[in-house]
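**Q** Take this structure first; my questions come after.
Bear in mind that the values in this text are calculations on the coordinates, not laboratory data. None of these values were measured; they are calculated from a predicted model. Please note: Cβ atoms are built from the backbone with ideal geometry, for glycine as well, and neighbour counts cover all protein chains shown.
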Amino acid sequence: MNNEKISFIASGILQGLQEAIADVSGAQIIGMKKSIIYRVQPQQIRQQLNMSQSQFANAFGIPIRTLQGWEQGRRKIDMTTASYLRTIAKFPNEVQAALAN
């Protein structure tokens, strides 16, 4: 590679790093797209509902092994599941009622 190409690549990386630092500092970055990632903690949700693993799994139609895998970090939670778990956290009675029909 020639020096011009390396310099172009390096300047792009440097610009990105400077934007990241500015963003963390709270500055408004024009043209920057942000994604907000909500981490879901199934064990915390279950404990807030004062339920055992088997009670939670049965109440919300989740296989017990899957729930255990999420809680122990052996299984990843996809976006659909994260949305479902957030819904359970906010509306547990309504979700149970919907599943009962």
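**Q** Under the rule of -39500 (n - 2.57) per DSSP H run of 4 or more residues, summed and divided by the residues of the chain, what mean residue ellipticity at 222 nm is obtained, to the nearest 500 deg cm²/dmol?
**A** Numbers: 6 runs with 67 residues, N = 101.
It comes out at -20000 deg cm²/dmol, rounded to the nearest 500.
**Q** Are there chymotrypsin sites (Phe, Trp or Tyr not before Pro) in the range 14-101 that DSSP puts in a loop and that have at most 16 other Cβ atoms within 10 Å, and which ones?
**A** Answer in residue order: Tyr38.
**Q** Dipole size in debye (nearest 20) for the chain around its Cα centre, Lys and Arg Cβ +1, Asp and Glu Cβ -1?
**A** The dipole of the chain has a size of about 300 debye.
**Q** Please report the Cα spread of the range 42-100 along all three principal axes, rounded to whole Å, starting with the longest.
**A** 30, 23, 19
**Q** Also, I was wondering about something else. Excluding Ile88 itself, calculate the net charge of residues whose Cβ lies under 13 Å from the Cβ of Ile88, where each Lys or Arg counts +1 and each Asp or Glu counts -1.
**A** +2
**Q** Can I ask one more? Taking +1 at the Cβ of each Lys and Arg and -1 at the Cβ of each Asp and Glu, which of Gly26, Ala89, Phe60 sits farthest along the dipole of the chain towards its positive end, judged by Cα position relative to the Cα centre?
**A** Phe60
**Q** Still on this model: Stick to the Cα atoms of the chain, pair each with every other, and give me the Kirkwood hydrodynamic radius in Å at one decimal. Write down the numbers at each step before the final one.
**A** Values: mean 1/r = 0.0586 Å⁻¹.
It works out to 17.1 Å.
**Q** For the pair Lys33 and Ile64, what calculated FRET efficiency results from E = 1/(1 + (r/R0)^6), where r is the Cβ-Cβ distance and R0 = 41 Å, to the nearest 0.05?
**A** 0.60
**Q** Relative contact order for the chain: what percent, with Cα pairs under 8 Å and sequence separation of 6 or more?
**A** Taking the mean separation of contacting Cα pairs over the length of the chain, I get 21 percent.
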